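Shown next, in structure tokens, is the structure this report addresses.
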Amino acid sequence: MQVRIPINLASEPFRRDRAMLVASFLLALVLIGALVSQVMLILEERTRASETRAAVAKLERALGQQTAEQTKVDAVLRQTQNSEVLDRNVFLNTLISRKAVSWTQLFADLEKVMPGTVRLVSVRPQITPNNQVVLDMTVGTLTSEPVIDMLMRLEGSPLFGATTISTLLPPSQNETLYRYRLNVNYAPKP
């Protein structure tokens, strides 16, 4: 039996580097492609940012012009000879905002929260300086339980808010119902 001993007489042993070189070259191409696409995206984003800055600057200039014009108009309105017209405009705007409450919608919304045994005697919407609607209502009922139920429904409704009872009148010879005067916030849906 002969034993073979592998001996390599070359000064450098044989290596298979071609596959590794090809894979490294392909990886380098992919990385260069990713770098180029990132640079292109950065340049596009810079262009968009500069366009956005230009648009914002243009809008700020327009806002400045509008503010200057509004200041001039306000100065004219504050003159003493124009105060009567301004007061009349405020009065008319108040009337318009009061008219903006839809009675049909108001009664439909109240119908959803009022028990059947509670009668609506009167209702008067009021507009607060914050442009909120407050209802000054008078309701009547034979007992107090339905009114308590109505108060809970009003406060649980998304259309109505905080409710306060301002007066309570017991039944009399002329009136057989308990009368409650309520104030409730009302936020009608447009």
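For LEU182, what residues show an amide H to amide H distance below 5 Å, using hydrogens built from the backbone and excluding near sequence neighbours? Under 5 Å from the amide H of LEU182: MET137, THR138, VAL139, SER166. Here r is the Cβ-Cβ distance between THR104 and ASN130 and R0 is 25 Å; the resulting FRET efficiency, rounded to 0.05, is 0.55. Subtracting the Cα-Cα distance of ASP87 and GLN66 from 0.36 nm times their residue separation leaves 5.2 nm of extension gain. Quick note on region 101-186: its Rg to Rh ratio, both from C-alpha atoms and Rh being the Kirkwood radius, is 0.96. For the chain, modelled as a GNM whose springs connect Cα atoms under 10 angstrom apart, the maximal fluctuation among VAL22, VAL73, VAL118 occurs at VAL22. In this Cβ point-charge picture (+1 for Lys and Arg, -1 for Asp and Glu), the chain has a dipole of about 600 debye about its Cα centre. Dipole magnitude for region 101-186: computed about the Cα centre from +1 point charges on Lys and Arg Cβ and -1 point charges on Asp and Glu Cβ, it is near 120 debye.
Restricted to Cα atoms, region 18-78 shows a radius of gyration and a Dmax of 26.2, 88 angstrom. A Gaussian network model of the chain, with springs between Cα atoms under 10 Å, assigns the largest mean-square fluctuation among ALA55, ALA108, ALA19 to ALA19. Among THR176, THR141, the order by Cβ neighbours within 10 angstrom, fewest to most, reads THR176, THR141. Taking only the alpha carbons of the chain, we obtain Rg and Dmax values of 40.3, 137 Å in that order.
Readers should treat all values here as calculations from the given coordinates under stated rules, not as data from a laboratory. As the structure is a computational prediction, the values presented were derived from the model and not from experiment. Cβ coordinates were reconstructed from backbone atoms using ideal geometry, including for glycine residues, and neighbour counts include every protein chain displayed.
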